[in-house]
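Please treat every number below as a calculation from the coordinates, not as lab data. For clarity, every value in this text was computed on a predicted model and none was experimentally measured. Cβ: placed from backbone, ideal geometry, glycine included. Neighbour counts: every protein chain shown.
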Amino acid sequence: MGLVFIKETDKDCKLGMWEIREDYDELLAQVSLEDKEKERLASFKNHARKLEFLSVRALLQTMLDPGARIVYDRTNKPYLRDNSYRISISHSGDYTAIFLSRKRRVGVDMEKMTHRISKIARFFINPAEKITPEEDKKRYHLYIHWCAKEALYKICDKNALNFRKHLIIKPFEPKDEGVIRGRVNNEIYNEEFILHYVRMEDYVLVWCCK
């Protein structure tokens, strides 16, 4: 299927999604790669990881141009080589998402709801957070919290953050899509963020910018 959408979500913010339906050769033919990128691609042993790598480049080059290049810092945080945009990337299952902004900090996370997330909830849910008692909604509610905290973790550059202690999502009733508020509070940050979420079948997508 390739490109699912590219849309402006907020002022100076662009969100894109790609569905991986192509095989390796089809994806490879859609991207422009430099020698170092080809070496990095060849180093991956896992076929799914190769497809993920290519889908990220295919989506980015569709959102911007064939010359767009991703580089990484020592914490493996992605940047654009020319610093024209700030970038956040997420991948899960058959989908890749990229969130871009020229001037604003960005964070995006997407997860396929395949795991029994309630088993690990105690590791990332803070006592101040409220999870619905309704069994048919609880799993989805927990996934929204997890994705929201991953997006906050990314927007704050992964700086000394404990998901349970430092990242707090204010109580909300889970819907198919909505807006929620989260707070990051540790020795580096004390900020509140507005996050957007949407459910797409068995996937959850959350993004935020500031």
For this session: Return the subset of 103/170; 112/138; 11/170; 7/77; 77/154; 77/158 for which the Cα-Cα distance in this structure is over 18 Å, preserving the input order.
Result: 103/170; 11/170; 7/77
Seminar exercise, completed: Along segment 68-75, Karplus-curve 3J(HN,Hα) (6.51, -1.76, 1.60; θ = phi - 60°) to the nearest Hz, with x for Gly and Pro, reads 5, 10, 9, 10, 10, 8, 5, 8
Exercise. Segment 28-120: which trypsin sites (Lys or Arg not before Pro) are DSSP loop and have at most 12 other beta-carbon atoms within 10 angstrom?
Worked result: 45, 74, 81, 102, 103, 116
Seminar exercise, completed: segment 184-205 scanned against label point 7 Å out from residue 94 along Cα→C-beta; backbone N under 13 Å for 201-203
Problem set entry | Longest DSSP-loop-exposure-free segment, GluC sites (Glu not before Pro), the chain, at most 15 other Cβ within 10 Å | 35-133
Problem set entry | 3J(HN,Hα) from dihedral phi, segment 162-167, Karplus parametrisation 6.51/-1.76/1.60, rounded to Hz, x for glycine, proline | 9, 4, 7, 8, 9, 10
Seminar exercise, completed: Taking Cα atoms, the helix 135-155 axis meets the longest principal axis of the chain at an angle in degrees (rounded to 10) of 60 degrees
For this session: Jot down the per residue volume, in cubic angstrom and as a whole number, of the convex hull over the alpha-carbon atoms of segment 98-210.
Result: 100 Å³
Problem set entry | Per-residue ³J(HN,Hα) for segment 169-179, Karplus 6.51 cos²θ - 1.76 cosθ + 1.60, θ = phi - 60°, Hz, x for Gly and Pro | 9, 5, x, 7, 9, x, 10, 5, 7, x, 10
